[in-house]
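Chemist: The structure is given below, and queries will be raised subsequently.
We did not get these values from a lab; they are worked out from the coordinates using the rules stated. All figures in this text were calculated on a predicted structure; none of them were measured in a lab. Cβ coordinates were reconstructed from backbone atoms using ideal geometry, including for glycine residues, and neighbour counts include every protein chain displayed.
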Amino acid sequence: MANSQLQRTGSGREIAMLVGVLLLVAAASVFTYWVRSENAEASGQPPVETAATPAPGIGTPVPVTGEVVHADVYFDFESTRLRADAVRLLQDKAQLMEEGGTWGILVQGYADAQGPAGYNRLLAERRAMVVKQFLVELGVPELSIKVVTIGQEGALCDEPSAECQQLNRRVHLEIRQLPRAAAEPLRPALLVGDTLDTLAGQGREP
């Protein structure tokens, strides 16, 4: 019976020691947290995050700066002559580019699907060259204008109605403001079969 009492006494001591150790560990943790909180409040800085913060800008695309203007110039059937509404539109765009900055102009010539494809492509090229020449006469630097001939392959509308075909007889302008450090004017991304005019004075008479 004495042995049983000794075993109970020994077990009680071990439990008491274990509880004491746990209390000491808990008290140390609370004290450490309290000290860090006091230091953070005294310095006016938020608590230090344990997770790594990613560097700003890594993996995010850089936005393209500069204004972009789109415009369409329409032509009559089998015509390369600028209409009055086209003249006013081009005058407005030329005035916009005079306000400052460096601009690149991509001129794309289109045609409807009436007639042979080769003829329509030539017609689209002549229309684009007429627009380019008029912009140059308005004071736009010729080297900033690039011409792409697309023809009837770029038709927007396939219906045979007059309204639909009118949409296809057009020259589309993409006018983009370039960075000041840009050494080269706007260069278009050509599709297979497209032609790029890079020489001055190569256009045919309208």
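Chemist: Can you give the percent of C-alpha pairs in region 68-197 whose distance is more than 24 Å?
Modeler: Working: 2210 of 8385 pairs.
Considering region 68-197, 26 percent of its Cα-Cα pairs are separated by more than 24 Å.
Chemist: Can you give the FRET efficiency to the nearest 0.05 for residue 67 and residue 153, using r as the Cβ-Cβ distance and R₀ = 35 Å?
Modeler: Working: r = 29 Å, r/R0 = 0.83.
With R0 = 35 Å, the Cβ-Cβ based efficiency is 0.75.
Chemist: On to the next question. Starting from 0.36 nm per residue, how many nanometres of slack lie between residue 91 and residue 136 once their C-alpha separation is accounted for?
Modeler: Details: separation 45, 0.36 × 45 = 16.20 nm, distance 1.10 nm.
This chain segment gains 15.1 nm when fully extended.
Chemist: Taking amide hydrogens as modeled 1.01 Å from N in the peptide plane, which residues meet the under 5 Å criterion relative to residue 102, leaving out close sequence neighbours?
Modeler: Residues meeting the criterion, in which the H sits 1.01 Å from N, are 178.
Chemist: Report the extension gain between residue 167 and residue 122 in nm, rounded to one decimal, defined as 0.36 nm multiplied by the number of residues separating them, less their alpha carbon distance.
Modeler: 14.4 nm
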